[in-house]
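Heads up: the structure comes next, in structure tokens.
The values are calculated or read from the model by the stated rules, or taken from the named source; none is laboratory data. Since this is a predicted model, take the numbers as computed values, not measurements. Counting neighbours? That spans all protein chains shown, and the Cβs are built from the backbone with ideal geometry, glycine included. Heads up: the accessible areas ignore ligands, DNA and RNA and are worked out on the full protein's heavy atoms, side chains in. Shrake-Rupley method; radii C 1.70, N 1.55, O 1.52, S 1.80 Å.
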Amino acid sequence: MSVTIKDLQAYKREGRRFAMLTAYDFTTARILDEAGVPVILVGDSLGNTMLGYDTTLPVTMEEMLHHTRAVRRGLKNALLVGDMPFMSYHASAEDAIRNAGRFLQDGGANAVKLEGAGRVVELTERLTAMGIPVMAHLGLTPQFVNQMGGFKVQGRSDEAAERIQRDALALQEAGAFSMVLEGIPASLGGLISRRLDIPTIGIGAGPDTDAQVLVIQDMLGLSGERVPKFVKRFADLRGAMTTAVGDFMAEVEGGTFPGPEHSYGTGAAPSPAPAEAAIYGAADKG
């Protein structure tokens with residue numbers, strides 16, 4: 001059965017913790033869905049992980065929709081959230097409504113995520129009134145990296161912590177169904193989680209949020225040597241891939257791959273599978 005925003009809110013009431021992960025392609029999405037991950041985020045972090053940008057700021061709506069559609073095709077059960085990229089909801093409310101609608105209509109997302117508060121509170125209210133669920137995002141908000149002076153922990157002073165709490169309550173009141181808390185002290189993450197009725201999803205916000213999210217490349221050890229303090233690598237796929245590629249190259253160079261078990265014989269061959277028939281049929285015509 002497909003996960004809904006009502007399910008996440010029920011998890012909060014029941015004290016049931018849950019996980020969220022990012023995905024940017026069909027294959028990864030299918031694996032995560034089959035593993036039972038309830039919430040998948042197509043984050044604008046794809047700018048760093050998939051497109052090689054230094055920040056998330058260059059990511060466009062078209063890039064986000066391209067990856068969101070791919071992820072949607074891999075999901076059967078998980079709730080799919082699309083990350084609104086920089087400048088897709090900043091210029092006007094009309095832009096925000098149009099672009100959020102595209103995530104649901106063109107991308108197949110179930111909800112969108114917006115960073116920050118201020119005018120985002122009003123946008124959240126308008127979007128939810130139109131049937132577009134909103135996941136809020138407070139604390140270290142990467143789209144504000146230039147204003148923050150870099151990727152720094154937020155909410156360390158009493159004043160800053162109070163402001164984040166006020167913003168969290170305002171976004172909940174505006175209709176946000178959940179809230180990402182990123183890069184804030186663990187004590188503040190726990191305090192906000194206790195004050196809110198909607199589930200909080202932490203990333204560098206301590207152990208007391210209602211859920212946790214990580215970027216899939218970080219979690220699987222596919223990223224480079226340097227990762228944020230809050231990241232735990234649950235696998236070393238970068239190392240496994242490097243070993244596998246090295247083994248492949250060695251066998252090709254040594255002439256041991258392909259072996260007989262990977263080669264076709266000269267006798268009467270069985271009929272090729274449909275996909276092979278299409279490939280070799282096209283080759284013969286060429």
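The table below gives the values:
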| quantity | calculated |
| --- | --- |
| Reported label for calculated Rg/Rh (Cα atoms, Kirkwood Rh) given (1) 1.03; (2) 0.97; (3) 1.08 | (3) |
| Carbon + sulfur, % of accessible area of the chain - ligands and nucleic acids excluded, 1.4 Å | 55 percent |
| Restraint check, Lys113/Lys232; Lys12/Lys76; Lys6/Lys229, Cα-Cα greater than 30 Å | Lys6/Lys229 |
| Per residue, in Å², the accessible surface of the chain once ligands and nucleic acids are set aside, probe 1.4 Å | 53 Å² |
| The stretch 105-171-the stretch 1-73 distance, computed between alpha-carbon centres (Å) | 17 Å |
| Dipole of the chain [Lys/Arg +1, Asp/Glu -1 at C-beta], most positive-end residue of Val153, Thr256, Pro133 | Pro133 |
| Check: the stretch 1-136 dipole with +1 on Lys, Arg Cβ and -1 on Asp, Glu Cβ, in debye | 540 debye |
| Farthest positive-ward along the chain dipole, Cα basis, beta-carbon charges - from Leu79, Met64, Leu188 | Leu188 |
| By average C-beta atoms within 10 angstrom, highest first, the peptides 76-89, 113-126 | 76-89, 113-126 |
| Packing-based ranking, highest mean first, of 249-260, 153-164, 44-55, 189-200 given that Cβ atoms within 10 Å are counted | 189-200, 44-55, 153-164, 249-260 |
| Cβ-placed point charges (K, R +1; D, E -1), dipole of the stretch 101-196 about Cα centre in debye, nearest 20 | 100 debye |
| Test item: Cα-centred dipole of the chain, Lys/Arg +1 and Asp/Glu -1 on Cβ, debye | 720 debye |
